[in-house]
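The values are calculated or read from the model by the stated rules, or taken from the named source; none is laboratory data. Fair warning: this is a prediction, and the values are worked out from it, not measured in the lab. Cβ placement follows ideal geometry from the backbone for every residue including glycine, while neighbour counts extend to all protein chains displayed.
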Amino acid sequence: MADDERPPSPDPAGGLSRRGFLTTAGLGAVGLAAVRAAAPPEAEPPPEPAADARLPVTLRVNGRTHRLRVEPRWSLLWVLRSELGLTAAKSGCERGECGACTVLFDGVPRYACMTLALEAEGVEITTLEGLAEEGGLGAVQRAFVAHDAFQCGYCTPGQIVAVEGLLRANPAPGPEEIRQGVAGNLCRCGAYPNIFRAAAHAAELRQGGPDRDR
Amino acid sequence: MTAESRPSADAGWATTRVVGQPLPRVDAHERVAGTAIFPSDLQLPGMLHAAVLRSPHAHARVLRVDVAKAERMPGVLAVLHDGSPGAQIAWHPGRDGKPLSRLFDPHCRHEGEEIAAVAAETPYQARDAVRAIAVDYEVLPAVVDAEEAIAPGAPAVHPGGNRVPGDRYERGDVAAGFAAADEVVEMRFSTAAELHAPLELHGCVARWEGEQLTIWESTQGVYAVQSEVAAALGLPLARVRVIGHYVGGGFGSKLATGKWSVIAALLSRRTGRPVRLFLTREESFLVTGNRPASVMRLKAGVKRDGTLTAFELEGLGAGGAYSPNGAGLLDWLVRDLYTCPNVRCTTTNAFIHAGTERAMRAPGHPQGAWALEQVIDELARRIGMDPVALRRRNVPAVSQGRGGMPYLTTGLDACLEEGAKAFGWEEAKAGAAAARRAGGVWARGVGMGAGLWIGGAGGDPATVFVNYFIDGSVNLNMGASDIGTGTKTVMAMIVSEELGVPLAKIQIEHADTGTTQFATPSGGSKTVPTEGPAVRAAALDCAAQLVALAAADLGLPAAALELRDGAVVAREDPARRLPLGEISGLRRQRVVVGKGTRERNPAGSVICPFAAQFCEVEVNRLTGEVRVLRFLGAHESGRVMNRMTFDNQVYGGITMGIGFALTERRTLDRGQTGKLCNFAWHDYKIPTALEVPAAIVSHPIDLPVPEANLIGAKGLGEPVTIPTAAAIANAVFDAVGVRITDTPVNLTRLAGRIAAAAPAERS
């Protein structure tokens with residue numbers, strides 16, 4: 001493919017470039033396999049698995065445990081969407097640039113497209129599907145509805161999860177903190193002013209404030 | 001029974017209860033809950049994944065394609081290329097009707113042209129197989145710049161050369177106009193190619209069963225995809241069902257069909273399984289269109305009293321490898337926006353070895369505004385007149401670009417006057433000047449721009465059904481897509497307004513050629529004024545049928561009855577009423593089906609939306625950095641249908657315009673390989689939350705125009721992004737006295753010019 005001939009570009013989230021991601025996926029799997037195998041210290045390192053060999057992994061997603069067999073190169077995003085049917089997290093670039101795939105890793109926003117499924121073992125993963133409250137939408141979701149904080153809705157799952165992560169770390173963010181909190185989530189429709197309002201309102205809702213129109 | 005929408009003053013709403021309110025979207029829940037199934041979310045049993053091998057060269061001839069290794073790889077079920085049976089499908093019709101290319105044309109005229117495609121069990125396996133296809137190329141010389149492309153000796157994209165003359169337009173006596181001017185300004189402008197870059201990638205899932213093809217496509221118009229796929233594959237329209245319930249943004253790039261849909265269909269036919277083919281982000285930057293790069297030379301004359309005497313525009317646009325429309329509508333604002341008797345416009349398209357342009361949000365207009373609105377500001381400065389005042393001095397009542405046909409309504413003056421007032425134009429100008437006098441690294445400035453959009457009237461055809469059920473709930477059936485503008489919400493509000501049905505009892509079926517009515521694609525700011533009147537006509541038809549059924553029960557003539565508050569009521573004697581649920585005819589037939597179609601627009605007048613935008617910026621005198629501090633958009637689009645989605649469009653258009661002015665440039669490796677250098681968002685920068693001012697104010701000019709159509713509305717999606725970039729450039733000039741004539745702003749060059757322009761201030 002054309003992009004294979006290009007040099008890797010740095011990733012704003014501090015992760016790997018797409019090309020690096022593909023070429024080092026096998027090594028990452030070896031590393032993880034080595035960690036798992038660390039208990040009995042054998043002399044022989046485990047052989048490098050083929051790219052399409054499947055390894056067992058246990059994922060905790062939205063409070064439920066899933067035991068799966070995945071290719072070491074599979075991204076968490078692919079596994080969430082295709083293996084678990086959780087399609088709220090979206091694929092926008094698969095190179096850590098748009099944030100449409102944002103999920104929470106132990107409560108912290110993370111790009112699922114830049115995370116190997118094998119790397120996601122041992123953490124609590126939360127997707128948009130996990131933010132609903134009993135009987136309806138969660139606070140951030142209600143605020144996004146009230147403030148029309150989206151247009152096409154494609155970046156919206158990532159935006160909502162990013163705001164959720166922001167509010168878990170900082171329950172009462174100021175305007176600049178809100179902007180920084182969603183700065184890793186592109187919205188080409190340009191609903192940003194309403195996203196800012198929704199995030200501020202969501203902070204109030206989470207503190208027990210009332211639902212209101214705007 | 002059919003009701004054609006009948007535009008007339010008495011049919012217009014004098015007052016509204018629902019329409020115009022700031023109401024949340026009817027489909028908000030599924031969009032925030034993550035349950036909306038976008039085409040790229042769809043998973044079907046047995047679904048395969050496809051990937052495409054593309055030319056890595058800007059211009060090359062494919063000498064050999066060897067797919068033998070790829071076909072044997074794990075998980076691979078099919079490989080398609082130019083030699084595959086049935087794959088030699090014509091593509092890109094030329095001006096003479098003959099195709100310029102084909103599905104896997106061995107002559108690749110831009111980077112990213114399709115060479116082969118693979119279907120496999122997983123996308124990882126499909127990409128593995130694509131990488132295993134061996135291709136021999138003869139690399140050919142390429143040209144990717146419009147001015148270089150029309151110079152003598154440039155490599156020709158097509159036989160006959162790269163220059164395609166565009167429109168030539170002239171009125172009055174341009175030479176006499178310039179002779180009569182007190183001040184003449186002539187400037188050169190350029191705009192970089194801008195990419196649509198919607199968040200959802202382009203693609204589809206195709207399933208071929210027997211003679212029936214079904215495509216779930218991320219599209220702005222399911223019927224457009226249906227007709228184009230059917231033509232490409234030689235199928236009857238009825239055998240191609242296209243479904244597009246959601247679309248993650250398009251901005252024009254999803255108006256037309258891409259090769260991916262046909263490739264996915266062929267792979268599905270070959271394998272007997274559903275095939276999902278969505279592009280990668282990198283591929284989408286190569287082959288899904290762009291706002292073409294332009295070069296404009298604009299000359300304008302003005303008298304001291306503010307009378308515009310002449311315009312002369314020469315425009316060049318790069319349509320890419322296959323479009324002759326690279327300069328399309330580049331000149332429209334010069335022709336039409338301001339009163340001027342003497343105008344000459346000449347435009348030229350250049351074929352280049354790069355991805356083909358596609359209509360992008362107000363094609364040609366932001367580029368034209370970039371030139372015109374800066375030149376108007378410069379004229380105002382030369383004659384010592386306020387920029388708002390000069391524009392208001394030249395507001396036309398007729399469309400000069402259309403031979404003087406009158407606008408049905410024009411809100412241009414109101415946009416300028418009320419927008420300036422709401423923004424605090426005079427105070428902001430004075431405040432910025434005072435701040436500059438106080439010194440400092442950051443220089444503050446204010447600027448504005450105006451615009452109109454050639455479209456926005458809407459028009460026929462459109463057909464809509466409104467099914468009124470016995471329990472008072474409604475199913476609205478229309479083929480149009482909701483591309484994020486809130487179409488479904490506005491249509492439900494129209495039904496609610498007319499039939500008194502709460503929004504919660506209205507269900508919408510849309511964007512499915514198998515089950516919903518014909519609609520043209522959603523784009524060009526025409527969906528609300530196209531579908532809305534048809535929806536209202538269908539609701540009125542429903543109401544008329546309910547009244548007719550009730551007349552039999554009440555023993556009164558239908559003419560004496562009307563629908564009010566969920567009952568049919570005698571106009572003269574409101575005590576005689578029948579709740580809708582008790583109408584015996586409705587109880588018998590269970591449902592009333594109202595049909596509405598879109599009428600023709602009234603002849604002899606022009607309907608289009610108008611805009612004025614105002615902004616305040618600050619510019620770093622040392623680095624050239626430009627910060628947008630606040631924006632106000634004053635927009636007249638006829639009736640405001642939903643204040644909430646109206647405002648959201650204004651925010652979005654201004655945001656896109658900020659990117660056009662400040663950061664967005666498709667960079668091609670000019671003079672070298674011709675390849676795309678910034679092939680994803682890390683290097684092609686669209687506005688993030690950090691580039692957009694929180695203070696964007698929408699100031700609607702709510703001016704219903706009942707003579708235009710049955711709902712009195714015009715379109716909004718395009719005008720909101722037309723004057724934005726020019727307003728920023730004018731504000732930068734106000735701040736530092738330097739004109740940025742090329743998009744996007746080059747900070748280094750701007751800083752250098754600031755230093756050169758004001759050496760005294762810095763010492």
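Points to keep in mind about this one:
- Residue within the stretch B:37-47 that is in a helix (DSSP H, G or I), facing chain A (nearest Cβ under 9 Å), in contact with an Asp or Glu (Cβ under 8 Å, 6 or more places away or on another chain) and under 30 Å from B:V535 (Cα atoms) present: yes
- Sole residue being of a type outside the set (D, E), outside any helix (DSSP H, G or I) and buried (at least 24 other Cβ atoms within 10 Å of the Cβ), chosen from B:V184, B:V247, B:V225: B:V247
- Just one of the listed residues (B:P74, B:P85, B:P56, B:P45) is within 18 Å of B:V229 (Cα to Cα) and not acidic (D, E), namely B:P85.
- The number of residues in the stretch B:494-529 that are part of a helix (DSSP H, G or I) and of a type in the set (G, A, S) comes to 2.
- Taking the listed residues B:V547, B:V593, B:V569, the one that is among the β-branched types (V, I, T) and in contact (Cβ under 8 Å) with a residue 40 or more places away in the chain is B:V593, with no other qualifying.
- Some residue of the stretch B:86-99 being surrounded by 18 or more Cβ atoms within 10 Å (Cβ to Cβ), closer than 30 Å to B:I352 by Cα and free of Cβ contacts under 8 Å to residues at least 24 places away in the same chain: no
- All helices (runs of 4 or more DSSP H) inside the stretch B:377-457 with 2 or more residues being of a type in the set (G, A, S): B:412-423, B:425-437
- Put simply, of A:G190, A:G174, A:G209, A:G136 the only residue that is surrounded by fewer than 19 Cβ atoms within 10 Å (Cβ to Cβ), within 12 Å of chain B (Cβ to nearest Cβ) and more than 18 Å from B:T35 (Cα to Cα) is A:G174.
- Filter result for B:R273 (part of a loop (DSSP other than H, G, I, E, B), basic (K, R) and in contact with a Leu (Cβ under 8 Å, 6 or more places away or on another chain)): yes
- Within the stretch B:658-688, considering residues that are closer than 16 Å to B:R630 by Cβ and at the interface with another protein chain (Cβ under 9 Å from one of its Cβ atoms), the one surrounded by the fewest Cβ atoms within 10 Å (Cβ to Cβ): B:P687
- Taking every residue in the stretch B:36-47 that is on the phi > 0 side of the Ramachandran plot and pairing it with any residue that is modelled with pLDDT under 95, at least 6 positions away or on another chain, yields no pair with a Cβ-Cβ distance below 9 Å.
- Within the stretch B:187-222, the set of residues being within 28 Å of B:D742 (Cβ to Cβ), buried (at least 22 other Cβ atoms within 10 Å of the Cβ) and not aliphatic (A, V, I, L, M) comprises B:F189, B:T191, B:E194, B:H196, B:P198.
Residues are listed down the side, and each one gets a yes or a no for (1) modelled with pLDDT under 95; (2) of a type in the set (S, T, Y); (3) under 30 Å from B:A362 (Cβ atoms); (4) not in a loop (DSSP other than H, G, I, E, B):
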residue: B:E531; (1), (2), (3), (4): no, no, yes, yes
residue: B:L546; (1), (2), (3), (4): no, no, no, yes
residue: B:A551; (1), (2), (3), (4): no, no, no, yes
residue: B:L563; (1), (2), (3), (4): yes, no, no, yes
residue: B:L578; (1), (2), (3), (4): no, no, no, yes
residue: B:V592; (1), (2), (3), (4): no, no, no, yes
residue: B:G596; (1), (2), (3), (4): no, no, yes, yes
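- Test: residue in the stretch B:335-357 that is part of a helix (DSSP H, G or I), farther than 26 Å from B:A181 by Cα and of a type outside the set (S, T, Y): no
- B:A256 surrounded by fewer than 24 Cβ atoms within 10 Å (Cβ to Cβ) and either part of a loop (DSSP other than H, G, I, E, B) or on the phi < 0 side of the Ramachandran plot (or both): yes
- Residue in the stretch B:285-299 that is assigned to a loop (DSSP other than H, G, I, E, B), surrounded by fewer than 24 Cβ atoms within 10 Å (Cβ to Cβ), of a type in the set (S, T, N, Q) and touching a Pro at 6+ places or on another chain (Cβ under 9 Å) present: no
- The condition of being part of a loop (DSSP other than H, G, I, E, B) and under 23 Å from B:G252 (Cα atoms) holds for only one of B:G671, B:G715, that being B:G715.
- Boolean, B:A433 is in contact with a strand residue (DSSP E or B) (Cβ under 9 Å, 6 or more places away or on another chain) and in contact (Cβ under 8 Å) with a residue 12 or more places away in the chain: no
- Of the residues making up the stretch B:749-763, those that are under 30 Å from B:G451 (Cβ atoms), surrounded by fewer than 18 Cβ atoms within 10 Å (Cβ to Cβ) and modelled with pLDDT of 95 or more number 2.
- A:E129 vs. criteria crowded, with 24+ Cβ neighbours inside 10 Å, within 12 Å of chain B (Cβ to nearest Cβ) and assigned to a helix (DSSP H, G or I): no
- Residue selected from the stretch B:619-646 under the condition away from chain A (no Cβ under 14 Å) and among the small types (G, A, S), by the criterion surrounded by the most Cβ atoms within 10 Å (Cβ to Cβ): B:S637
- Subset of the stretch B:689-716 (residues that are aliphatic (A, V, I, L, M) and surrounded by fewer than 21 Cβ atoms within 10 Å (Cβ to Cβ)): B:L690, B:A694, B:A695, B:V697, B:L703
- Top-ranked residue of the stretch B:458-493 - restricted to ones that are in a loop (DSSP other than H, G, I, E, B) and of a type in the set (S, T, Y), ranked as farthest from B:K526 (Cα to Cα): B:S473
- Enumeration of residues in the stretch A:193-206 that are of a type outside the set (A, V, I, L, M, F, W, C), in contact (Cβ under 8 Å) with a residue 24 or more places away in the chain and either under 16 Å from B:I696 (Cα atoms) or within 7 Å of chain B (Cβ to nearest Cβ) (or both): A:N194, A:R197
- In the set B:L53, B:L23, only one residue is in contact with a helix residue (DSSP H, G or I) (Cβ under 8 Å, 6 or more places away or on another chain), modelled with pLDDT of 95 or more, crowded, with 22+ Cβ neighbours inside 10 Å and within 30 Å of B:H353 (Cβ to Cβ); that residue is B:L53.
- Scanning the stretch A:130-141 for residues that are farther than 18 Å from A:V108 by Cβ and in contact (Cβ under 8 Å) with a residue 12 or more places away in the chain yields A:A139, A:Q141.
- Close pairs (8 angstrom Cβ cut-off, 6 or more residues apart or separate chains): at positive phi and within 13 Å of chain A (Cβ to nearest Cβ) in the stretch B:68-83, outside any helix (DSSP H, G or I) and hydroxyl-bearing (S, T, Y) anywhere: B:G75/B:T122
- Residues in the stretch A:142-171 that are at the interface with chain B (Cβ under 8 Å from one of its Cβ atoms), in contact (Cβ under 8 Å) with a residue 12 or more places away in the chain and of a type in the set (A, V, I, L, M, F, W, C): A:F144, A:A146, A:F150, A:C152, A:C155, A:I160.
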